[in-house]
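Novice: Following this message is one structure expressed as structure tokens.
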């Protein structure tokens, strides 16, 4: 892989909390246009890995190398509930210093939030918050997207929107790391799948057109030999 | 100061003040606390034994510091909501800009609380603060900068702990002691009409604390917010 293609490289990444290792010696590379689907049981280390990849958590050992800007969707929205959707995005726009006000309006439009843009986030439903979280993540026009359960709380139309976005990002040569339990919704959009078992990436393979059942069966097989 | 640092600070401070303006959570509790402390000090004194000027400087600074502490606590607690602090840290802004923004927001908040508390103080203790307002403003500004800078850093430090609201006063009080002693001594002199140049020693000390506290907190903030 040439350096210019590389969007993300994790080398020997480990992370421990106290004496307990949550990630152990994780290494992989991701190029622009690739989508890595991370699967694992609860507590397997998906969220910790995504936080380490984002730079929010420092690895105990190992290195993470990223190129370009990052957009991240995590379990928490990172939004201010006392501000409106528009004010939240305007605030982040100022910090990213990345785009014009029109970009905020465009994202509100794409996410179907234009009509509710001046309402405080505290009054939003779970799905609306998740849409706004996606808008926040997309604000800096990121080259690398780290998505931790991005479909949580979304209705069918919003889930379709995210799937369409995943297809679009692939065409736009953006790299995506996606952790989800809703395999069936996204598996055909992923180029690779990483099987995370007890903090280790047991295998990282091309999806090769496999469906959710085949990937789940493969995960069980890998998890059973720990 | 780079434009990025300054624009980050202004954006963060404006956001914090906008949230406080809407919710008024810290402001309301600070003001209730200020009135309560002034009332307690007022009624605890026997006017035939203790003059109001004997108690006034202590009452003023207890009011200022503890009312301010309620606001300082709030500064990073609102970043804990929905892990908004992560959102800030993901942006490519200098982290020291976030600290400066928080410091700026806290200074505005504490200044407003002090501006409202001062006439109340004058009313409760029947002290004419207006004859020496510039001197009092100078001392208040110097002491406020010292304790708000440390308070802002410590607020960031304790925000991830389970008992953040309890931890802040415990950690902050030892740092508050030297500047507050200086402020109380100088305020006592100002209120009885002594000239400010009699207190240059205390003012130099307050100035030294300001420079040291702001510089150290500015430098330490990066590692404070790292997980």
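The values are calculated or read from the model by the stated rules, or taken from the named source; none is laboratory data. Note that the structure is a prediction, hence the values are computed from the model and not measured. All Cβ positions, even for glycine, are placed from backbone atoms using ideal geometry, and neighbour counts span all protein chains on display.
Novice: With the condition kept exactly as written, say whether any residue in segment B:62-72 is in contact with a helix residue (DSSP H, G or I) (Cβ under 7 Å, 6 or more places away or on another chain), surrounded by fewer than 19 Cβ atoms within 10 Å (Cβ to Cβ), assigned to a loop (DSSP other than H, G, I, E, B) and away from every other protein chain (no Cβ under 12 Å).
Specialist: No, the conditions are met nowhere in segment B:62-72.
Novice: Evaluate segment B:119-138: report whether one residue or more is closer than 25 Å to residue B:5 by Cβ, assigned to a helix (DSSP H, G or I) and touching a residue at least 40 places away in the same chain (Cβ under 8 Å).
Specialist: no
Novice: So, one more: Regarding residue B:10, is this residue in contact (Cβ under 8 Å) with a residue 24 or more places away in the chain, within 14 Å of another protein chain (Cβ to nearest Cβ) and either in contact with a helix residue (DSSP H, G or I) (Cβ under 9 Å, 6 or more places away or on another chain) or at negative phi (or both)?
Specialist: Yes, satisfied.
Novice: Identify the single condition in (1) assigned to a helix (DSSP H, G or I); (2) over 24 Å from residue A:9 (Cβ atoms); (3) within 18 Å of the chain's Cα centre (by Cα); (4) within 14 Å of chain B (Cβ to nearest Cβ) that residue A:127 does not satisfy, given that it satisfies every other one.
Specialist: Result: residue A:127 fails condition (4) only.
Novice: Here are some residues: A:70, A:110, A:39. Which one is at pLDDT below 95, under 21 Å from the mean Cα position of the chain (by Cα) and facing another protein chain (nearest Cβ under 8 Å)? Break it down stepwise before answering.
Specialist: On the way: A:110 fails: facing another protein chain (nearest Cβ under 8 Å); A:39 fails: facing another protein chain (nearest Cβ under 8 Å).
The match here is A:70.
Novice: In segment B:83-100, what residues are in contact (Cβ under 8 Å) with a residue 60 or more places away in the chain, in a loop (DSSP other than H, G, I, E, B) and within 7 Å of another protein chain (Cβ to nearest Cβ)? Steps first, please.
Specialist: Filtering segment B:83-100 down to residues in contact (Cβ under 8 Å) with a residue 60 or more places away in the chain leaves B:85, B:88-89, B:93-100.
Subset that is in a loop (DSSP other than H, G, I, E, B): B:93-94.
B:93, the sole residue that qualifies.
Novice: Would you confirm whether or not segment A:17-35 contains a residue that is without any contact (Cβ under 8 Å) to a residue 60 or more places away in the chain and within 14 Å of another protein chain (Cβ to nearest Cβ)?
Specialist: yes
Novice: Among the strands (runs of 3 or more DSSP E) contained in segment A:140-226, which hold 1 or more residues that are surrounded by fewer than 21 Cβ atoms within 10 Å (Cβ to Cβ), assigned by TED's automatic domain parsing to the domain that holds residue A:54 and in contact with a strand residue (DSSP E or B) (Cβ under 9 Å, 6 or more places away or on another chain)?
Specialist: So the answer is A:192-197, A:200-206.
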